[in-house]
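Colleague: My structure is below; once you've seen it, I'll send some questions.
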Amino acid sequence: MFEASVFITILIGLFSLINPLSALPVYIGLTQDYSEVQKLNTLKKTCIYILIICMVSYYLGVYLLHFFGITIPALRVAGGLIIFRSGWQLLNLQHKQELQNKIEDETNKKEDISFSPLAMPLLAGPGSMSFLITLFSTRSEVINEAFWQDVAAISAILVVVISIYFVFKFAPRLMKYTGQSGLTSLSKVMGFIVTGIGVQMIISSLTTVIKSVYLDLHNS
C-alpha cells in the first residue's frame, strides 16, 4: 500500500534540494523584462523540463551509471558530497547566487531560458538528480513494494513540480510579503535539511563499502 511516510520523506528531500525559494530572486531578475504571457509560457516549459529531468534521473539514471561502469556506492559518495556542498552554501547564503552572473550572461544570448539555465542547472541540478538515482537504486526487490515506492516517488515529484509552478507564478507577492530576510531564513532551514541528506548519503555509502571490504577479507 501507499506509504505516506515514504512520500513525505521524498517530498521534503527533493523540495529541499531543488529549493525554488532560493531561486526566486534569480528568476525575477531574468524575467523582469518579460510580459505576463511570456513569463507564464516560460514557467510552464520550465516545469515540464524539470518533470522530465526528474523522471529520467529516477528511472534511467542507474542504467546510465552501469553503462559507464560507475557503482552505486561511488554515486552515493559523489552525490552526498554534492548535496552536502549545496546545503553548506545555503547555510552560508551562497546557493544559487554563484550561478547568477553566468546565468545572466547566458540569458542575454538566448531567447528561451526555460530549459537552460532555469530547469538545469538552477533548479534540477546534480544534487536532486543524484538523490533520485540513489532512491531508485535502493528500492525494494519485491515487486509490490517497489511499485508503491515508485508511486510515492512519482507523486512527490509531481507535487514538487506543481509547487515550483505556484511559487514562481506568485514570486512578486512572495517577495513582497516575506522579503529577502524571510527567504533567507527559509533557505537556511532548507540548507540544514540538505546538509543532513548529504551526510547521511555519505555515511550510508561508506558503511556499505566497509562492510563489503570486511566480508571479502574475512572470506579470503
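The values are calculated or read from the model by the stated rules, or taken from the named source; none is laboratory data. All values derive from a computational prediction rather than experimental measurement. Cβ atoms come from the backbone with ideal geometry, glycine included; neighbour counts cover every protein chain shown. The accessibility values were calculated without ligands, DNA or RNA, using every heavy atom of the protein model including side chains. Shrake-Rupley method; radii C 1.70, N 1.55, O 1.52, S 1.80 Å.
Colleague: Sum -39500 (n - 2.57) across every DSSP H segment of at least 4 residues in the chain, then divide by the residue count to get the 222 nm mean residue ellipticity, nearest 500.
Modeller: -28000 deg cm²/dmol
Colleague: Can you work out ³J(HN,Hα) from phi for every residue in the range 166-173, in order, using Karplus 6.51 cos²θ - 1.76 cosθ + 1.60 and θ = phi - 60°, giving whole Hz and x for Gly and Pro?
Modeller: 6, 4, 6, 5, 9, 4, x, 5
Colleague: Please work out the C-alpha center-to-center distance from the range 188-220 to the range 50-70 and express it in whole Å.
Modeller: 21 Å
Colleague: Classify the range 159-202: rounded, prolate or oblate, from the alpha-carbon gyration tensor (a ≥ b ≥ c, eigenvalue square roots; a/c under 1.5 rounded; otherwise prolate if a/b is larger than b/c)?
Modeller: Because a/c hits 1.5 or more and a/b fails to exceed b/c, the range 159-202 counts as oblate.
Colleague: Now a separate question. What is the set of long-range amide H partners of GLY125 at a cut-off below 5 Å, with H atoms built 1.01 Å from backbone N?
Modeller: none
Colleague: Quick one: grab Rg to one decimal and Dmax as a whole number for the range 111-220, Cα atoms only, in Å.
Modeller: 19.2, 65
Colleague: Still on this structure: Could you tell me the accessible area of TYR214 in Å² (1.4 Å probe, neighbours in place), rounded to the nearest ten?
Modeller: 140 Å²
Colleague: Extension gain PHE67-LEU217, at 0.36 nm per residue separation less the Cα-Cα distance, in nm? Spell out each step's value before the answer.
Modeller: Details: separation 150, 0.36 × 150 = 54.00 nm, distance 2.82 nm.
Full extension from PHE67 to LEU217 adds 51.2 nm.
Colleague: Kindly rank 170-176, 192-198, 34-40, 126-132 from highest to lowest mean number of other beta carbons found within 10 Å of each residue. List each step's numbers first, then the result.
Modeller: Numbers: 170-176: 13.7, 192-198: 20.6, 34-40: 11.9, 126-132: 24.6.
Taking the mean over residues of other Cβ atoms within 10 Å, the ranking is 126-132, 192-198, 170-176, 34-40.
Colleague: Hey, what do the phi angles of the range 29-37 turn into as Karplus ³J(HN,Hα) couplings, whole Hz, using 6.51/-1.76/1.60 and θ = phi - 60°, x for Gly and Pro?
Modeller: x, 6, 10, 5, 9, 7, 6, 4, 5
Colleague: Within the chain, what is the number of lysine pairs with alpha carbons under 14 Å apart, leaving out pairs fewer than eight places apart on the same chain?
Modeller: On the way: LYS39/LYS169; LYS44/LYS169; LYS45/LYS169; LYS96/LYS188; LYS102/LYS110.
Value for the chain: 5.
Colleague: Given Cα pairs under 8 Å that are at least 6 residues apart, what percent is the relative contact order of the chain? Walk me through the intermediate numbers first.
Modeller: Numbers: 228 pairs, mean separation 101.3, N = 220.
It comes to 46 percent, rounded to a whole number.
Colleague: Translational diffusion coefficient of the chain at 4 °C, 1.567 mPa s, Stokes-Einstein with Kirkwood Rh over Cα pairs, in µm²/s as a whole number. Please report the intermediate quantities before stating the final value.
Modeller: Numbers: Rh = 18.4 Å.
It diffuses with D of about 71 µm²/s by this estimate.
Colleague: What accessible area per residue comes out for the chain, rounded to a whole number of Å², with a 1.4 Å probe?
Modeller: 56 Å²
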